[in-house]
Amino acid sequence: MSDTLNFLRPYLRGWPIIIGAMIIAFLVASKYLNYVTPMYESTAKLRLADMNEGVPNSNLFSDLDVFATTQKINAEIELLKSHTLISKALEKVPFDVQMYREGNLRKTELFDDKPILISPINWPENLKDKTFSLQVFKDKSFAVKSQDGKIFKGSLGDTILIENALTVFELNDAFIAKKEDLKITDNYLFSVLSETKQISLINSQIDIIAVDKDVPVIRISYKSSHPGKAALFPNALAEAYIDDYIENKYGAANITVEFLNERIAEISKKLNKSEQMILKYRDQKSITNIRQETETELRKISQLKIQLTNLEMSLEAIRNLENYVQSGKDNFLDLAPNFEAFTDLLSTEIIKNIKQLQAERKDLLLEYTENDEKVKVIDAKLNDLTSYLIESISNTRKNLQTKYEKLEADIEQAEKVFIDVPEKERMMTILNREFEIFQQSYNFLNQKKIEAEIAKAAKIAFHRIITPASISKQPVSPNRIIIKVVSALLGMMGAIILIFIVHALKGRVNNVSTLESQSMIPILTTIPKLKSYTEKEQFFIKTLSEWEVKGLIKEKSILCLTGFNQNHGIRFIANEMNNVMSIQNRKTLLIEFDETSSIHKNHEIIVRPFNDSTDIIKVSRHQIKSLTTRKWQELLNEKAQQYDFTFLINSVFGDSHTLAGMAASDLNIICLDTRLTPAKHINEVNILQQEYQLPNMFFALNRVGYNPNFIQEAIKCISRRLKKFKLKK
């Protein structure tokens, strides 16, 4: 806690400096704000078109990629910052002539409130961006002065030639009518700005950002020293952006329509050519409908194969019957053939007759023999019927065989139709595919053409200004409160830094901790700032008692008080200790060095009375030079034996006999002052103590904890200097 207080003590002492610096900085900032040019800011908000709404979501732009399919806010912000768009916005605002009313300390920009209108006519580039001064007189005459000192005179309402450029100067009657007390006679500055200069000025003051990354709203802010100018440009830029969007959309749609017309004509020719190729191939191959024709032929072949199968079964059966009959035709009547494949009515009737005749023959053989005429007649009939039946079977087989071969030939002929079917299908597929491609392209392009014509006819934009910029009544900069507060804080910081630097450069023995941290020599006493006689008396009586109790001083002792300057408490401590001993009726001797003391003719040291109980010896430099160190020490010891106590107010460190006096003393007190003694002297004392091993060396720290008021100290310092000045006079 004490370290913290010690650290803060210089700043607490210097609080008047800190307060004064803050007040001065505050006043300087206030004065500065009276002359600084205020800046006004106006903001317009622009909502970008939603790609899910209206024409921007048209399939035309989606399919042909005329516009981006997603709204990229950052890209639109860069577009708004581009020179192209700013140039279009500048065409909407009269920023080409910049005019100021010239004052003694600052100039004020004029825009829609300027009393004089300046209209340049075909200004050359070499005159642009140059500043001209304009002085208007009471008789409505004026004089224009260029930067190289040329003067051009005229009257308001005239067109004058400034170098090689025509310019019209006229009164702003509309504005003057509103402001009856408007001052016209004055000094002005004006310049005709080039487009590059205008864009550069705008880019330095414009700020375009997105309200939010997920919200398609852009904020356009513009700063200017004139509030009307600040409000005009954001709106002009937003309008230029919308107009540019419509213009680009219309141009893109127009180009798209022309492109689609060319492509439609080209695709139409290819589509007609593809149709002709399909018709020609159908005529060459006699194709009506390949699928239907194929299905018909397949059904025909299927029927023929069914017939062939049935015929093959019948032919096989008749062959078996024929072979069976031929193998047993000698005993035909004993055979039992299968007539499943031979089922016509005639054959059935013959079989019935044969069976009937066989039955009659068996009956006749019961009565007659085989050679009987009746039996022979029956046998003859049977032979005729069997021969006819056998021949009929053979002819039937031949007929079936002929039919079978004919069906096979028909099937083979029908199957030949399918040999060319794959090639026909392949060619038709190729031709139809080309036709479909051209037809789809033709339909797609016609649809896009309709959409493009709709987009071309709709000259609207879905971007819109949701918050137009308005004239700001209060400037955004400079921020008076912040500047004043910051100035005061800077003043405070400057004062603190100054105090710190001064404190660091002074490097005084400010407190006990500084002394203890740099030296092992003990501290005998710490003396506060004692203002009254009573305080001094009580403090030194107590101190003297403590020294005697500790055995530091005894009868006939020499107390040597040494320091780096006599004003660092040496005389003060010696005189106060001597006063206390006088009160206690002790006889004391004060020995001090005095340059003003008279020199005895034999360089004798004379003892003079100081008060009732104290004598004093004042030694001059000439006297001390005549004494050797040993004689000086012997003199001190001799004089000390004559008094209860001897106080040696020693010369400062560095003098010739300083160490001699210290070596002869019983108690050496090194006097330091917290306000005056530099801290670097502590190390010098340490070196002396280590090198010479001086006896009973102690520190006495004067004015401990004393932090005088800065104002009081300043007043005292001024008073002292005034007194010295008067004394010199």
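The values are calculated or read from the model by the stated rules, or taken from the named source; none is laboratory data. All values reported here derive from a predicted model rather than from experimental measurement. Quick reminder, even Gly has a Cβ in these numbers, built from the backbone with ideal geometry, and neighbours come from all protein chains shown.
Filtered by the rule that a residue be out of contact with any Gly (no Cβ under 8 Å at 6 or more places or on another chain), among the charged types (D, E, K, R) and at pLDDT 90 or above, the range 159-217 gives ASP186, GLU195, LYS197, ASP207. Scanning the range 217-261 for residues that are among the β-branched types (Val, Ile, Thr) and surrounded by fewer than 21 Cβ atoms within 10 Å (Cβ to Cβ), which turns out farthest from GLN474 (Cα to Cα)? Selected residue: VAL257. Selection of the range 298-313 for residues being farther than 10 Å from ALA414 by Cα and touching an Asp or Glu at 6+ places or on another chain (Cβ under 7 Å) yields only LEU308. Is it the case that some residue within the range 254-264 is within 30 Å of VAL136 (Cβ to Cβ), at pLDDT 85 or above and in a helix (DSSP H, G or I)? The answer is no; no qualifying residue exists.
Listed here are the residues, each with its yes/no results for (1) surrounded by fewer than 12 Cβ atoms within 10 Å (Cβ to Cβ); (2) touching a Lys or Arg at 6+ places or on another chain (Cβ under 6 Å); (3) in contact (Cβ under 8 Å) with a residue 60 or more places away in the chain; (4) not assigned by TED's automatic domain parsing to the domain that holds TYR32.
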{"position": "ASP139", "(1), (2), (3), (4)": "yes, no, no, yes"}
{"position": "GLY157", "(1), (2), (3), (4)": "yes, no, no, yes"}
{"position": "VAL168", "(1), (2), (3), (4)": "no, no, no, yes"}
{"position": "ASP173", "(1), (2), (3), (4)": "yes, no, no, yes"}
{"position": "ASN187", "(1), (2), (3), (4)": "no, no, yes, yes"}
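Under 7 Å between Cβ atoms, at least 6 apart or on separate chains: pull out the pairs that start in the range 549-569 with a residue that is farther than 14 Å from VAL685 by Cβ and end on any residue that is part of a helix (DSSP H, G or I). Every condition considered, the pairs that remain are ILE553/TRP547; LYS556/ALA640; ILE558/LEU636; ILE558/ALA640.
Output the residues belonging to the range 553-605 that are of a type in the set (D, E, K, R) and modelled with pLDDT under 85. Within the range 553-605, ASP594, GLU595, LYS601, GLU604 meet the criteria. Looking across the range 448-462, the residues that are surrounded by 14 or more Cβ atoms within 10 Å (Cβ to Cβ) and part of a helix (DSSP H, G or I) come down to LYS448, LYS449, GLU451, ALA452, GLU453, ALA455, LYS456. Among the residues of the range 291-306, is any crowded, with 16+ Cβ neighbours inside 10 Å, under 60 Å from the mean Cα position of the chain (by Cα) and at pLDDT 80 or above? Checking the range 291-306: not a single residue is crowded, with 16+ Cβ neighbours inside 10 Å, under 60 Å from the mean Cα position of the chain (by Cα) and at pLDDT 80 or above. Annotation note: Cβ proximity below 9 Å between a residue of the range 450-476 that is among the β-branched types (Val, Ile, Thr) and a residue that is part of a loop (DSSP other than H, G, I, E, B) and at pLDDT below 75 (sequence gap 6+ or interchain) occurs for ILE454/SER58; ILE460/GLY54. Residues that are over 29 Å from ASN585 (Cβ atoms), among the β-branched types (Val, Ile, Thr) and buried (at least 18 other Cβ atoms within 10 Å of the Cβ) within the range 603-657 comprise just one, ILE624. Cβ-Cβ distance below 8 Å, separation of 6 or more or different chains: which pairs start in the range 285-310 with a residue that is under 15 Å from LYS416 (Cα atoms) and among the hydrophobic types (A, V, I, L, M, F, W, C) and end on one that is surrounded by 12 or more Cβ atoms within 10 Å (Cβ to Cβ) and at pLDDT 80 or above? So the pair list comes out as ILE301/ILE411; LEU304/LEU407; LEU304/ASP410; LEU304/ILE411.
Restricting GLN642, GLN623 to residues that are in a helix (DSSP H, G or I) and not small (Gly, Ala, Ser) narrows the list to GLN623. Among the residues of the range 697-729, those that are surrounded by 13 or more Cβ atoms within 10 Å (Cβ to Cβ), of a type in the set (Phe, Trp, Tyr) and at pLDDT 65 or above comprise PHE698, PHE699, TYR706. In the condition set (1) at pLDDT below 70; (2) in a helix (DSSP H, G or I), PHE339 is compliant with all but (2). Residues that are surrounded by fewer than 14 Cβ atoms within 10 Å (Cβ to Cβ), modelled with pLDDT under 80 and farther than 30 Å from LEU271 by Cβ: does the range 395-406 have at least one? The answer is no; no qualifying residue exists.
Take ALA265 and decide whether it is hydrophobic (A, V, I, L, M, F, W, C) and closer than 30 Å to SER470 by Cα.
It is false that ALA265 is hydrophobic (A, V, I, L, M, F, W, C) and closer than 30 Å to SER470 by Cα.
Residue check: LYS529 meets all listed conditions (1) surrounded by fewer than 17 Cβ atoms within 10 Å (Cβ to Cβ); (2) within 25 Å of PRO10 (Cα to Cα); (3) under 60 Å from the mean Cα position of the chain (by Cα); (4) touching a residue at least 24 places away in the same chain (Cβ under 8 Å) but one, namely (3). Has the range 423-440 got any residue that is over 30 Å from LEU260 (Cα atoms), at pLDDT below 85, in a loop (DSSP other than H, G, I, E, B) and of a type in the set (D, E, K, R)? Checked against the condition, which is being over 30 Å from LEU260 (Cα atoms), at pLDDT below 85, in a loop (DSSP other than H, G, I, E, B) and of a type in the set (D, E, K, R), the range 423-440 yields no hits at all. Of the listed requirements (1) in the same structural domain as PRO695 (by TED's automatic domain parsing); (2) crowded, with 16+ Cβ neighbours inside 10 Å; (3) more than 18 Å from ASP673 (Cβ to Cβ), GLU555 misses just one: (2).
With respect to the stated conditions, PHE539 fails to be under 30 Å from PHE26 (Cβ atoms) and aromatic (Phe, Trp, Tyr). Taken over the range 217-250, the criterion of being in a helix (DSSP H, G or I) and either in contact with a Ser or Thr (Cβ under 7 Å, 6 or more places away or on another chain) or free of Cβ contacts under 8 Å to residues at least 40 places away in the same chain (or both) is satisfied by PRO227, ALA230, ALA231, PRO234, GLU247, ASN248.
Is it the case that ILE687 is loosely packed, with under 13 Cβ neighbours inside 10 Å and at pLDDT 85 or above?
Values: loosely packed, with under 13 Cβ neighbours inside 10 Å: yes; at pLDDT 85 or above: yes.
Judged against the criteria, ILE687 is a match.
Look at (1) in a loop (DSSP other than H, G, I, E, B); (2) of a type outside the set (A, V, I, L, M); (3) closer than 30 Å to LEU33 by Cβ and you find that TRP123 fails only one, number (3).
Do you know which of the residues in the range 559-595 that are part of a helix (DSSP H, G or I) and not aliphatic (A, V, I, L, M) is farthest from PHE540 (Cα to Cα)?
If we filter the range 559-595 for residues that are part of a helix (DSSP H, G or I), which is where we start, we get 570-583.
Now narrow it down to the ones that are not aliphatic (A, V, I, L, M): 571-572, 575-576, 578-579, 582.
On the way: ARG571: 14, PHE572: 11, ASN575: 10, GLU576: 7, ASN578: 10, ASN579: 9, SER582: 12 Å.
Among them, the one singled out is ARG571.
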